[in-house]
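Inspection log for the structure reproduced underneath, given as structure tokens.
Read-outs: derived from the displayed coordinates by stated rules, not from any lab. Since this is a predicted model, take the numbers as computed values, not measurements. Quick reminder, even Gly has a Cβ in these numbers, built from the backbone with ideal geometry, and neighbours come from all protein chains shown.
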Amino acid sequence: MSTSVQNAGSGTAAAPGKPIGELVFALIIVSIGVLGFVAGAGIQTPPSASDIGPRAFPFAVSALLLVVGAGLVFQVLRGHRGAADEGEDVDLEARTDWLTVGKLAGFVLLHAFLIVPLGWPLAAAILFFGAAWSLGARPWWRNLVTAVVLALVLQFVFAGLLGVSLPPGFLEGFGVFGG
């Protein structure tokens, strides 16, 4: 029986290979920060607004994203990288199940197209059922009941109680589900 000594100390151990993924992640964070500034600049500020207007929060979050993203880019370029995942519950040899990923992506797209014609609750129930089916949950009837109940509860909470505008679809006449 052989044992191997691995560097699992500081979290800055060099993982094998190039840091492409970590660099892409850091640059995405920087890009989101820049996008936040651009979108925040488009917010209309009424003349009656005080010193802290509606742009303050988006600008603060965008600045934080830029600082964190730039720090990540700097750290990755200096060679500080995250330790490789070595958890016992992770199969490093397992391949990506692209069929499941495709099913999930398909149900998300279907949800986006069904919201307006069917209403949010029915489109969400289809999404929840499709996600459970794609991930292999059994039995199908329990997934269907859970999806419908979850969609109705979410519609009630967000549209009925919080006043968020979600298209109610067939629930239009029921006041408790809002719209």
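In a fully extended conformation the segment linking Ala137 and Ser165 would gain 7.0 nm over its present Cα-Cα distance, using 0.36 nm per residue.
Judged by the ratio a/c of the largest to the smallest principal axis of the C-alpha gyration tensor, the stretch 36-168 counts as oblate, that ratio being 1.5 or greater while a/b is no larger than b/c. In the stretch 74-159, a dipole from Cβ-located charges (positive for Lys and Arg, negative for Asp and Glu) runs towards its positive end, and of Ala159, Gly102, Gly79 it is Ala159 whose Cα lies farthest in that direction.
Applying 1/(1 + (r/R0)^6) with R0 = 30 Å to the Cβ-Cβ distance of Val116 and Leu144 gives a FRET efficiency near 0.85. Available extension along the chain between Ala83 and Glu172 is 26.8 nm, counting 0.36 nm per residue and deducting the alpha carbon span. Between Val38 and Leu64, the modelled labels are 2.3 nm apart [label points 7 Å from Cα along Cα→Cβ].
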